[in-house]
Amino acid sequence: MSVLLSMLQRLPRSLRARARLTRGRWTQDSQRRWAPVALAVSLAALGLGAGAYAVAAVVVSLAPDPARLPVQQVTAEVQALPFVSPFAAPAPAPLDESTAGPSQRVDGHRFSVYRSELSRAQDTAEGLLHRLGIHDTQAAAFLKRDILTHRHLLGRTGRLLSVEASERNTLLKLTARWSPSDDGSFERLIIERSGDGFSSRLEKAMLTASLRMASGVIDSSLFASTDQAGIPDAVAVQLAEIFSADIDFHSDLREGDRYAVVYEMLEGDGEPLRAGRVLSAEFINAGKAYQAVWFTEPNTDQPELLVVGQPTQTNGRSGYYSLDGQSLKRAYLASPLAFSRVTSGFRMRFHPILKTWRAHLGVDYAAPIGTPVRAVGDGVVEFAGEQGGYGKVVILRHRNGHQTLYAHLSRILVRHGQRIAQGQTLAASGATGWATGPHLHYEFRINGQHQNPLLIVRRSEAAPPVSAANRPAFDQVALQARRQLASAQLLASR
């Protein structure tokens with residue numbers, strides 16, 4: 001090998017440079033790459049002369065091009081040293097971060113801290129401020145004696161609170177927002193520091209509406225699914241009511257059912273205050289798809305005005321329709337109990353016809369005492385009082401010889417002869433009469449004969465479809481609904 005090295009030294013400089021000699025020793029890589037070259041040089045020493053040199057040159061040219069070899073890059077942070085003028089004053093001692101105040105840590109600039117919460121029914125002045133991270137005895141004293149605070153904040157639940165605090169966690173400004181009615185407005189209570197004390201004022205402003213889309217899959221219950229999807233309870237209730245004529249949400253839901261919904265979110269000062277109306281929805285129950293879209297047939301005397309960013313207003317006949325224009329409203333509701341988080345888990349059982357005072361086919365809803373009971377359809381109160389084993393009972397007379405009965409009530413809210421609208425609250429559920437526990441007993445009769453209420457609802461007369469004159473406008477709304485629902489369904493597949 002030493003002979004070969006000496007002969008390599010006689011190679012032209014360009015070739016020797018590529019041989020990667022390092023301090024008189026080959027690296028392992030060099031030995032591997034240049035062994036053919038050494039062989040060629042040996043051939044030259046044996047007298048092959050120029051021919052051998054030519055071979056060596058060819059072999060060298062076949063070696064990997066260093067430009068194509070992998071490059072390993074190493075980076076390291078280099079901290080620049082600050083320039084220090086020879087005329088600069090001595091630098092101050094560094095701040096102790098454990099003792100320096102917030103204003104010191106931001107070069108002497110004052111700053112405010114913003115927090116938000118929801119009010120609670122049990123809130124006191126001190127408790128409310130404590131939850132907001134405020135430590136201000138002067139502010140607490142003001143809240144205790146302020147009339148507007150007592151009237152609109154303390155003891156109220158679900159009001160959106162936002163607070164601005166100083167770096168010392170004293171109160172600068174407290175704002176409460178809520179929407180008390182369906183007139184498209186919200187109220188704003190503002191409490192803020194003014195001079196050496198505080199002031200309060202009540203303001204009213206208009207809500208704005210933003211569009212929300214969501215979807216989900218049923219695993220156990222509708223509310224469990226909507227919670228997971230971040231959908232407000234008010235939207236879940238509307239979803240159940242919209243499809244109540246076709247789906248009994250107390251008993252018909254199946255694991256794997258899917259839904260998509262497009263709805264309004266009503267906002268005050270850019271903050272979401274409550275859910276608005278469901279604009280379109282789709283529910284797939286047991287493999288069958290049901291769709292709905294909200295549509296208002298314009299009133300020729302008072303045309304509907306669409307205001308972008310404002311909650312939907314209705315000046316004509318409004319309701320939910322299938323995407324082919326058929327009304328989803330039926331003459332009767334599917335259930336006398338409004339769907340809610342409390343009632344969503346209720347189960348029903350059908351009773352056989354018996355030969356006693358209980359000779360009926362009805363539906364029992366297990367419901368806590370006090371649950372609101374509503375009329376399933378328009379009618380007149382035929383009886384309101386106590387009746388044997390039924391306990392407190394209300395009987396409504398509807399068209400075409402139809403009757404509905406609501407029994408075991410704890411409280412009756414209507415009187416004999418009173419006209420009742422569909423969905424109106426009649427009473428509160430209870431356990432009066434011959435009841436083994438709190439529940440609502442519900443019956444549907446036609447000419448005195450007991451019927452299966454769920455079948456009656458699905459066979460009942462529907463409201464008129466979209467009129468021919470308004471069909472072009474409806475088709476545009478339905479097309480938009482299809483696109484939005486398709487987009488919403490994509491959310492569940494991600």
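One table, with the values for the structure above:
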read-out: Residue that is nearest to residue 241 (Cα to Cα), among those in region 372-407 that are touching a Pro at 6+ places or on another chain (Cβ under 8 Å) and not basic (Lys, Arg); value: 376
read-out: Qualifying residue in region 265-273 (condition: in contact with a helix residue (DSSP H, G or I) (Cβ under 7 Å, 6 or more places away or on another chain) and outside any loop (DSSP other than H, G, I, E, B)); value: no
read-out: Pairs with Cβ under 9 Å, 6+ apart, first in region 392-405 and within 13 Å of residue 331 (Cα to Cα) and at pLDDT 95 or above, second β-branched (Val, Ile, Thr) and not in a strand (DSSP E or B); value: 398/376; 402/456; 404/376
read-out: Residues located in region 370-387, provided they are buried (at least 18 other Cβ atoms within 10 Å of the Cβ) and either among the polar types (S, T, N, Q) or assigned to a loop (DSSP other than H, G, I, E, B) (or both); value: 371, 375, 376, 377
read-out: Residue that is surrounded by the fewest Cβ atoms within 10 Å (Cβ to Cβ), among those in region 139-168 that are farther than 17 Å from residue 179 by Cβ and among the polar types (S, T, N, Q); value: 166
read-out: Number of the exception - residue 462 against (1) within 38 Å of the chain's Cα centre (by Cα); (2) farther than 24 Å from residue 290 by Cβ; value: (2)
read-out: Search result, residues across region 415-436 that are of a type in the set (S, T, N, Q) and surrounded by fewer than 18 Cβ atoms within 10 Å (Cβ to Cβ); value: 418, 422, 424, 425, 436
read-out: Qualifying residue in region 142-157 (condition: aromatic (Phe, Trp, Tyr) and outside any helix (DSSP H, G or I)); value: no
read-out: Residue list for region 177-220, filter: in contact with a Ser or Thr (Cβ under 8 Å, 6 or more places away or on another chain), hydroxyl-bearing (Ser, Thr, Tyr) and either part of a strand (DSSP E or B) or assigned by TED's automatic domain parsing to the domain that holds residue 276 (or both); value: 185, 200
read-out: Residue list for region 268-286, restricted to those being farther than 21 Å from residue 185 by Cα and modelled with pLDDT of 95 or more; value: 280, 281, 282, 283, 284, 285
read-out: Residues being in a loop (DSSP other than H, G, I, E, B) and closer than 16 Å to residue 330 by Cβ - total across region 227-251; value: 7
read-out: Residue list for region 269-301, filter: of a type in the set (Asp, Glu) and in contact with a strand residue (DSSP E or B) (Cβ under 8 Å, 6 or more places away or on another chain); value: 269, 271, 282, 297
read-out: Qualifying residue in region 237-249 (condition: among the polar types (S, T, N, Q) and either more than 22 Å from the chain's Cα centre (by Cα) or in the same structural domain as residue 366 (by TED's automatic domain parsing) (or both)); value: yes
read-out: Subset of region 116-146 (residues that are among the charged types (D, E, K, R) and within 22 Å of residue 167 (Cβ to Cβ)); value: 117, 126, 131, 136
read-out: Residues that are over 19 Å from residue 377 (Cα atoms) and either among the acidic types (Asp, Glu) or in a loop (DSSP other than H, G, I, E, B) (or both), drawn from region 388-443; value: 391, 431, 432, 433, 434, 435, 436, 437, 438
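One line per residue, one yes/no per condition, for (1) modelled with pLDDT of 95 or more; (2) among the β-branched types (Val, Ile, Thr); (3) outside the structural domain of residue 191 (by TED's automatic domain parsing); (4) out of contact with any strand residue (DSSP E or B) (no Cβ under 6 Å at 6 or more places or on another chain):
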| position | (1), (2), (3), (4) |
| --- | --- |
| 116 | no, no, no, no |
| 138 | yes, no, no, yes |
| 143 | yes, no, no, yes |
| 153 | yes, no, no, no |
| 166 | no, no, no, no |
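The values are calculated or read from the model by the stated rules, or taken from the named source; none is laboratory data. As the structure is a computational prediction, the values presented were derived from the model and not from experiment. Neighbour counts run over all protein chains shown; Cβ positions are idealised from the backbone, glycine included.
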